[in-house]
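Encoded as structure tokens, the structure appears first; notes follow it.
The values are calculated or read from the model by the stated rules, or taken from the named source; none is laboratory data. What you are looking at is a predicted structure, and each value in this text was computed from that prediction instead of being measured. Using ideal geometry, Cβ is built from the backbone for each residue, glycine included, and neighbour counts are taken over all protein chains shown. For accessibility, only protein heavy atoms count, side chains too; no ligands or nucleic acids. Shrake-Rupley method; radii C 1.70, N 1.55, O 1.52, S 1.80 Å.
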Amino acid sequence: MLAVAGALCAGPLPAAGPALKLHIPSPGWRDQVLYFVMTDRFADGDPRNNDQGAGEYRPGDNSRYQGGDLAGLVRRLDYIRGLGVTGVWITPPVANQWLAPAGTSAGYHGYWAQHFMQVDPHLGSLDDYRRLSDALHRRGMTLVQDIVLNHTGNYFGYGAEWSAADPTRGFLPHTATPPVPRPTQPPFHLNDPRDPVALQAGIYHWTPDVRDYNDAVQERTFQMSGLDDLNTANPAVRRALRRSYGHWIHEVGVDAFRVDTAFYVSPDDFADFLRARDAQAPGVLEVARRTGRRNFHVFGEGFGIDRPGDDTQALKIERYMRGPRGEQLLPGMLNFPLYGAIGDAFARGRPSAELGARITRMMQVHRRPHLMPSFVDNHDVDRFLAGGGVDGLKQALLALMTLPGIPVVYYGTEQGFTAQRASMFAAGAGSGGRDHYDMQAPLYRTVAELTALRRTHRVLSRGMPTVLHGNAARPGALAWRMDHRAGRAGPGSAFVVFNTADGDSLLPALDTGLAPGTVLRGLHGLHGRPPDLVVAEGGRLSLRLAARSGQVWVAGAQRAAVPPSSARIAVDAGAAGAAAAVGRHAGDFTVGGTARGVSALQLVVDGDLSRAVTVTPDADGRWQAVVDTGAMVDPDIAHNLVAWAEGAAVSAVRHFRVDRPWQTVVDQPDPAGDDHGPDGLTTYPTDPGWGTARQMDLQHVRVETAGGALRLVLTMNQISTTWNPPNGFDHAAFTIYIELPGRDGGATEMPLQHGTLPGGMRWHLRLRAGGWSNALHAHAGASAEVEGTPVTPGATLAVDGAARTVSFTLPAAALGRLPSLRGARLYVTTWDYDGGYRALGPVAGPYSMGGGAADGLRVMDDSGVITLP
């Protein structure tokens, strides 16, 4: 079969079938919008292929196959097309290992290949796949296939005796996994180093699991979570992979590839995969060119999120698109740093300027940002709505549709899904027993409106952004301009403006870059189309922005008269520091200034109109007011203030900082080695990633307060980063319950943990954080199965591996701006979280806890109830 495929790739292309439209010219990728589908969870079009008889199919069990297939996708294409998306990206359709060696999870997702050139029977046949390609192409849509170059399924591993010098030592074959004991496709079947032929062939890296993702050798040559790592520097492996994936372009008509786990393959391997000059197995770009696809797109996955002010991961991502001499490698990469910043801004309430800075750096670091798919969530991370609200999700989607990149909508987003891999069809896990194809659902309509906006105004997909404003201190105003040419505002430029706060915000004296009198036509608003605007004198605009709003305007060529204004407002330079300097304060302070032509003004701090102070100038036009700094605790944050009279005048911005000391109010040790659950019987998973590390063993709790802000510093037995988590720790997750003093109500149930709070405690706020998640919820709407109502701003995380501490800082704004936290009660618990709290059962599995009933309490260690003095 390999030789046949190679010959087909090398010679003229025979017709694939007169009735099928498999081969179409490549589209302009920067104008595309993709819909990402986990095929097994989307639609069941042929129930006959669901159960292959190996115990891998278990309806309602999220760890098993559920029955979605290619025929189901074809049936639901009009539902997908109604969203306005232009292409469908599917998880790998190739033949997979059906069950992990321990039998605890299934390869329903497609990333555990056993044969790269066959369709997995759960999904259908080659003809089914061709029918999907044809149906998409006849609708003017494209087909994107997820592929893997890094690994196969988990057919072997290594014990503690592993030796790099002797690959046979500690070798553990996993031959009992269905449907076959080893890959059946040559040369990947050569997977036992005890066989001299296989050892000599060197198809695999004979290595155990990665222990340190900061070690480049381990990252590229060791196994990831037990998956057998391919030696992609081996010419035989390279040729086999090129043949395998060229097959799907030629035989099915795939229009683009997404490459899984690209970071674990050398960038040089992609140069070969894409452009190899091999008559029998050419690079996939050449195969695509022979089918008429001159811009076949390939984008990789590199899971890397940068903290504010850091570009380490963005630069690493760019190295997979551009070589050391500037040569092109992969055409695109998933934009994980932008994903992280979007979630921080719209779901977790971080200062909006952080997203603005990420956009600016995106344009500076990446040569081809328009070809980098962007997203708000996917199958490997929490759903946006698992920690964010619907209004924030709408804002995040609007941001995707108005920035460079290829927006990707993860299936179920348009139906308000909160579970990572829930099913769209009634019989599947997480569906709640009903179908989810409602084309009138509010979020479905939102997505359709936003794709239409992007499609109608090409400046949004092809333009260049200039960030005009961001709030450096808190959620609030954020604005950018999209120009046809970088930095050149004019007719056709689009203005995108958000308020990420939950209350009204001020956007003061925005420098539009346009001439006074320019008319901005309202295009779209999340709360209704915004009114047209006229740029004021100096080319500036000051706007009151409604809570959680998102609006888009486009500049016209026409001009309107700008009425003159004699109103003037100023803030004394000495009060909070000169415009270019920064004042520093230890507490509240008084600010003053002058006002002419206004009877009253508002002193607005950090853009927060909900807490603005109304001031009346005296007869001489002098005014003064006190700035409340009770909620300001971070000395590194540059706060700002302006004096503003709506519709009349606004002062220049003044900056200041607040350095308020933290006080330790609780310093409580926790016994070491008591991480055995409430009854002392709970055991860790058997995977060696836990082992003696005991990452859930809480050993000390320190609680600090500063005004109404709270900080928890938790000392653990050990902190690991085995899976390269963006939050700086893994193999453990924290759930922290907070009862606020003087507050009625609250909840006693511990959502998703199968328990109730001890000591008569009731929670008002609940923080859940793991290596990939950080979500704060209020008790409203909470139940045993529902986490509650998302709250912003969320917690700031800090990890000190050497000190073994994980710290959580909650600002006063998240805690209700209380004057004091005295009498508050806290309860800290540990477990682990991976798209949900890890399962518990009588016997531990590789990734599940043991020693308890399936519905037992998910707590490995806890702090006991802590009352703040």
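Roll a 1.4 Å probe over the protein chains and send me the accessible area per residue for the stretch 326-384 in Å². Before the final figure, lay out each step's value.
On the way: 1340 Å² over 59 residues.
Here the residues of the stretch 326-384 average 23 Å² of exposed surface.
At 20 °C and 1.002 mPa s, grab the translational diffusion coefficient of the stretch 177-227 from Stokes-Einstein with a Kirkwood Rh over Cα pairs, rounded to a whole number in µm² per second.
Working: Rh = 12.2 Å.
Result for D is 176 µm²/s.
Accessible area of the chain with a 1.4 Å probe: how many percent of it is carbon plus sulfur?
51
Could you tell me how far the Cα centroid of the stretch 93-111 sits from the Cα centroid of the stretch 242-270, in Å?
Their Cα centres are 20 Å away from one another.
Over the stretch 490-603, what is the relative contact order in percent, taking alpha-carbon pairs closer than 8 angstrom and at least six residues apart? Don't jump to the answer; show the numbers that get you there.
Details: 215 pairs, mean separation 32.6, N = 114.
Contact order relative to length: 29 percent.
So for the stretch 110-170, what percent of the C-alpha to C-alpha distances run longer than 15 Å?
The answer is 67 percent, as a whole percent.
Quick check: convex hull over the Cα atoms of the stretch 726-869, volume per residue in Å³, rounded to an integer?
On the way: hull volume 17.3 nm³, N = 144.
Measuring per residue, one finds 120 Å³ for the Cα hull of the stretch 726-869.
Can you list residues from other chains, or at least 5 along the same chain, whose modelled amide H is less than 5 Å from the amide H of Ser542?
Those qualifying (amide H under 5 Å, at least 5 residues apart or on another chain) are Ala509, Leu510.
From Cα coordinates alone, what are the radius of gyration and Dmax values for the stretch 376-471 in angstrom?
In order Rg, Dmax, the Cα atoms of the stretch 376-471 give 14.8, 49 Å.
Search the structure for amide H atoms under 5 Å from the amide H of Gly851, placed 1.01 Å from N in the peptide plane, and list their residues when 5 or more places away or on another chain.
Amide H neighbours of Gly851, under 5 Å, 5+ apart: Thr683, Gly841, Val843, Ala844.
For the chain, treating each Cα as an identical point scatterer without solvent, what Debye log10 I(q)/I(0) comes out at q = 0.05, 0.10 1/Å?
Debye output, listed in q order: -0.30, -1.16.
Using alpha-carbon positions, what is the distance between the centroids of the stretch 157-199 and the stretch 290-304, in Å?
32
Which value in deg cm²/dmol, rounded to the nearest 500, describes the helix-derived mean residue ellipticity at 222 nm for the chain, given -39,500 (n - 2.57) per DSSP H run of n ≥ 4 and division by the residue count? Before the final figure, lay out the partial values.
Details: 16 runs with 147 residues, N = 869.
Mean residue ellipticity, 222 nm, calculated: -5000 deg cm²/dmol.
With 5 Å bins from zero, work out the P(r) of the stretch 338-391 over every alpha carbon pair and list the percent per bin.
Reading the bins upward from 0: 4, 19, 26, 22, 17, 9, 2.
For the stretch 635-767, report the % of Cα-Cα distances exceeding 18 Å.
Roughly 72 percent, rounded to a whole number.
Any idea what diffusion coefficient the stretch 809-869 gets from Stokes-Einstein, in µm²/s, Kirkwood Rh on alpha carbon pairs, 10 °C, 1.306 mPa s? Each step should come with its number before you reach the end.
On the way: Rh = 14.1 Å.
Result for D is 112 µm²/s.
Could you compute the net charge surrounding Ile406? Neighbours are other residues with a C-beta less than 10 Å from the C-beta of Ile406; K and R count +1, D and E count -1. Kindly include the intermediate steps, with their values, before the conclusion.
On the way: positive: Arg30; negative: Asp31.
Spelling it out: positives minus negatives among the neighbours equals 0.
Evaluate the relative contact order of the chain (contact order divided by residue number), counting alpha-carbon pairs under 8 angstrom at least 6 apart; express in whole percent.
Relative contact order, the chain: 9 percent.
What accessible area per residue comes out for the stretch 135-227, rounded to a whole number of Å², with a 1.4 Å probe?
Numbers: 3810 Å² over 93 residues.
Heavy-atom accessible area per residue stands at 41 Å².
I need to check one value: relative contact order of the stretch 432-544, counting alpha carbon pairs closer than 8 Å and at least 6 residues apart, in percent. Before the final figure, lay out each step's value.
Working: 178 pairs, mean separation 20.3, N = 113.
The value is 18 percent.
Identify, among Leu752, Thr692, Pro669, the residue whose Cα sits farthest towards the positive end of the charge dipole of the stretch 621-761, taking +1 on the Cβ of Lys and Arg and -1 on the Cβ of Asp and Glu, with the dipole about the Cα centre.
Pro669
Please name which of Leu230, Ile249, Val298 has its Cα lying farthest along the dipole of the stretch 163-312 towards the positive end, using unit charges on Cβ (Lys, Arg +1; Asp, Glu -1) and the Cα centre as origin.
Farthest along the dipole direction, towards plus: Ile249.
Nearest 20 debye, what's the magnitude of the dipole of the stretch 227-332 about its Cα centre given +1 on Lys and Arg Cβ and -1 on Asp and Glu Cβ?
540
Over all distinct alpha-carbon pairs, what is the Kirkwood Rh of the stretch 627-706 in angstrom?
17.8 Å is the Kirkwood radius here.
Given Pro442, Val381, Met424, which one lies farthest toward the positive end of the charge dipole of the stretch 372-460, if we put +1 on the Cβ of every Lys and Arg and -1 on the Cβ of every Asp and Glu?
Pro442
To the nearest Å, what is the center-to-center distance of the stretch 363-437 and the stretch 764-825, using C-alpha atoms only?
23
For a quick protection proxy, order the peptides 819-829, 336-346 by their average other-Cβ count within 10 Å, most packed first.
My ranking of the peptides, most packed first, is 336-346, 819-829.
Mind ranking 314-322, 402-410 by how tightly packed they are, going by the mean number of other C-beta atoms within 10 angstrom, highest first? Don't skip to the end; give the middle numbers.
Details: 314-322: 19.7, 402-410: 25.3.
Result, highest mean Cβ count within 10 Å first: 402-410, 314-322.
In bins 5 Å wide, starting from 0, what share of all Cα pairs of the stretch 770-825 does each bin hold, as a percent?
4, 14, 20, 22, 20, 13, 6, 1
Could you do me a favour and compute the accessible area per residue for the stretch 238-284, 1.4 Å probe, result in Å²?
24
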